[in-house]
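All remarks here apply to the structure that follows.
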Amino acid sequence: MIHCQLNKQLRGASGIFELNIDAQFPARTFTILFGESGAGKTSILRMLAGLMTPEHGLITSQNQVWFDSSKKIYLKPQLRKGAFVFQDQGLFPNMTVRKNLEFAQRQSNQKKLIDEIIELFELGDLQHLSPINLSGGQKQKVALARSIINQPNILLLDEPLSALDRRTRLMLQEYIQKAHKEFKLTTIMVSHDLSEIHKITDRVLKLEEGVISEVTVETAFGETNKLIKGSIISSKAIGENIKLEILVSREAYEMLEKRSKDDDEIRLCK
Amino acid sequence: MEALITMPLVLPPTVIGFYLLVAFSPSYALGGWLGSIGLQFVFTFEGLVLASVIYSLPFMVQPIQSGLTNLAPSLAEAAYLLGKSKITTLIRVLLPNIKPSLLTGIVLAFAHTIGEFGVVLMIGGSIPGKTKVASIAIYDEVETLDYAMANAYSLLLFLVTFLILVVVYLVNGGYLNRMWK
């Protein structure tokens, strides 16, 4: 369980604002933190990791205090055992993929563990390449693999799925899910777009005007995709009446609606 | 600190030479203390080297500094999060990724030192066979109207510095790598 109370002045899109949050992240849960860009999502991750210090606040992980402004405690990032996947991945260009993983280990060379990780993330073909020669999705995969090699107690992901095409995004989601489950991690993922990701997450926190609130997956999903809840009823094609509850984007809904008008196989109701 | 390191860029070399000469002179505190532990920097080769190091420091520091600031901050941060100390991060991650800047710094500092005149004259004193460097020798030969000798020295310095710079630009421009393939 990670508990944080953070207070910090941040500069956002519309000037300086105060970030003031109090949140708990139960062990082994997957949390998505979403909000508009400039809302302070990345800053929260950075404060949890120890790369940024809040003006006031408290961060504890299990029984360990990571930060306490009243007692002037600040635990260095090296000692927090957190894993961070940066938006620009932060892979070391002077090392191959495999060397990146080897260097990342806290204990000396555990070949077996590295082989396991390489297999889990299907990096076999890439392991001797330099990060410079990898695609965006491959880099994210390597960064994810590297971050969890020391069995961290918290995994912080900063927009890992942005700037990827749909197929790569789906693939990477699978790996994130795999990592989260296999390594029994407490994961916090920052995102401004929730398309498709909702199946992984346990809960969604929304960051707005410096304050965090918990929202349902549907609300969050609807907000980022302008969702419409509807049902499709199909009859002839399958031979029986099937009713499907769906959540689709407005665009897709309009397309379905148009089709249902000139095709009586699909009926749409709100 | 930065201003202090950059000073030799703008300060006349003779000024630095003069202050170093005074500082290392046995009749003053620092020079006297150094003398008592057996170090003599005035009019010796060692002193000349030390003065050149100080004088050429900005040429080494500035490329390295700009190289480091141009690196993505996530490199160092990723290393810290993987439990690496600042020293390990510097040696294994940061420095290997600014090799071109390192090379530029080393070579510029070296080439600049070759052509140094004022500082080495002040602190070295141009003692033949000991602290007389090529750039000072040229001046001496011209003084004694031996233009042939001065020309020989000059041509040598010209070629050496030119070659050094050519090599730096070839390596940093990646021409050698491309030719290799």
Kindly indicate which of B:Tyr55, B:Tyr19 is in contact with a helix residue (DSSP H, G or I) (Cβ under 8 Å, 6 or more places away or on another chain) and either within 14 Å of chain A (Cβ to nearest Cβ) or not basic (Lys, Arg) (or both). B:Tyr55
Output the number of the condition that A:Asn7 fails; it satisfies all remaining conditions of (1) in contact with a Gly (Cβ under 8 Å, 6 or more places away or on another chain); (2) among the polar types (S, T, N, Q); (3) within 14 Å of chain B (Cβ to nearest Cβ). (3)
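Rundown of residues vs (1) part of a helix (DSSP H, G or I); (2) within 14 Å of chain B (Cβ to nearest Cβ); (3) under 23 Å from A:Lys111 (Cβ atoms), yes/no style:
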site	(1), (2), (3)
A:Arg146	yes, yes, yes
A:Leu155	no, yes, no
A:Ser162	no, no, no
A:Arg167	yes, no, no
A:Leu170	yes, no, no
A:Gln173	yes, no, no
A:Val190	no, no, no
Suppose we keep only residues that are within 20 Å of B:Leu121 (Cα to Cα) and in a loop (DSSP other than H, G, I, E, B) within region B:1-26. Which one would you say is most open to solvent (accessible area, probe 1.4 Å)? B:Pro26
Of the residues that make up region B:96-104, is at least one surrounded by fewer than 19 Cβ atoms within 10 Å (Cβ to Cβ) and part of a loop (DSSP other than H, G, I, E, B)? no
Go through (1) exposed (fewer than 15 other Cβ atoms within 10 Å of the Cβ); (2) within 14 Å of another protein chain (Cβ to nearest Cβ); (3) aliphatic (A, V, I, L, M) for B:Leu30 and report which single condition fails. (2)
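Conditions (1) assigned to a helix (DSSP H, G or I); (2) within 14 Å of chain B (Cβ to nearest Cβ), marked per residue:
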position	(1), (2)
A:Phe103	yes, yes
A:Arg106	no, yes
A:Asn109	no, no
A:Asp115	yes, no
A:Ile132	yes, yes
A:Gly137	yes, no
Index of the failed condition, A:Met95 passing every other in (1) in contact with a helix residue (DSSP H, G or I) (Cβ under 9 Å, 6 or more places away or on another chain); (2) open to solvent by 30 Å² or more (accessible area, probe 1.4 Å): (2)
For region A:37-60, name all the residues that are more than 30 Å from B:Pro96 (Cα to Cα) and either touching a His at 6+ places or on another chain (Cβ under 8 Å) or within 8 Å of chain B (Cβ to nearest Cβ) (or both). A:Ser37, A:Lys41, A:Leu58, A:Ile59, A:Thr60
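Take the conditions away from chain A (no Cβ under 14 Å), under 30 Å from B:Phe24 (Cα atoms), open to solvent by less than 70 Å² (accessible area, probe 1.4 Å) and not aliphatic (A, V, I, L, M) and apply them to B:Gly129. Does it pass? Please lay out each step first, then the result.
Working: away from chain A (no Cβ under 14 Å): yes; under 30 Å from B:Phe24 (Cα atoms): yes; open to solvent by less than 70 Å² (accessible area, probe 1.4 Å): no; not aliphatic (A, V, I, L, M): yes.
Considered against the rule, which asks whether it is away from chain A (no Cβ under 14 Å), under 30 Å from B:Phe24 (Cα atoms), open to solvent by less than 70 Å² (accessible area, probe 1.4 Å) and not aliphatic (A, V, I, L, M), B:Gly129 comes out as no.
Could you tell me how many of the residues in region B:79-95 are in contact (Cβ under 8 Å) with a residue 12 or more places away in the chain, within 7 Å of chain A (Cβ to nearest Cβ) and either within 12 Å of A:Pro77 (Cβ to Cβ) or open to solvent by less than 60 Å² (accessible area, probe 1.4 Å) (or both)?
First, the residues of region B:79-95 that are in contact (Cβ under 8 Å) with a residue 12 or more places away in the chain: B:79, B:89, B:92-94.
Next cut, within 7 Å of chain A (Cβ to nearest Cβ) only: B:92-93.
Then keep just the ones that are either within 12 Å of A:Pro77 (Cβ to Cβ) or open to solvent by less than 60 Å² (accessible area, probe 1.4 Å) (or both); that gives B:93.
Summing the residues that are in contact (Cβ under 8 Å) with a residue 12 or more places away in the chain, within 7 Å of chain A (Cβ to nearest Cβ) and either within 12 Å of A:Pro77 (Cβ to Cβ) or open to solvent by less than 60 Å² (accessible area, probe 1.4 Å) (or both) in region B:79-95 gives 1.
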For B:Thr44, are the conditions met, namely being touching a residue at least 40 places away in the same chain (Cβ under 8 Å), among the polar types (S, T, N, Q) and open to solvent by less than 70 Å² (accessible area, probe 1.4 Å)? yes
Tally, over region A:71-97, of residues that are at the interface with chain B (Cβ under 7 Å from one of its Cβ atoms) and either of a type in the set (Val, Ile, Thr) or not in a loop (DSSP other than H, G, I, E, B) (or both): 5
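The values are calculated or read from the model by the stated rules, or taken from the named source; none is laboratory data. Please read these numbers as outputs of a predicted model, since none were measured by experiment. We place every Cβ from the backbone using ideal geometry, glycine too, and count neighbours over all the protein chains shown. Just so you know, the surface numbers come from the protein's heavy atoms only, side chains and all, with ligands and any DNA or RNA stripped out. Shrake-Rupley method; radii C 1.70, N 1.55, O 1.52, S 1.80 Å.
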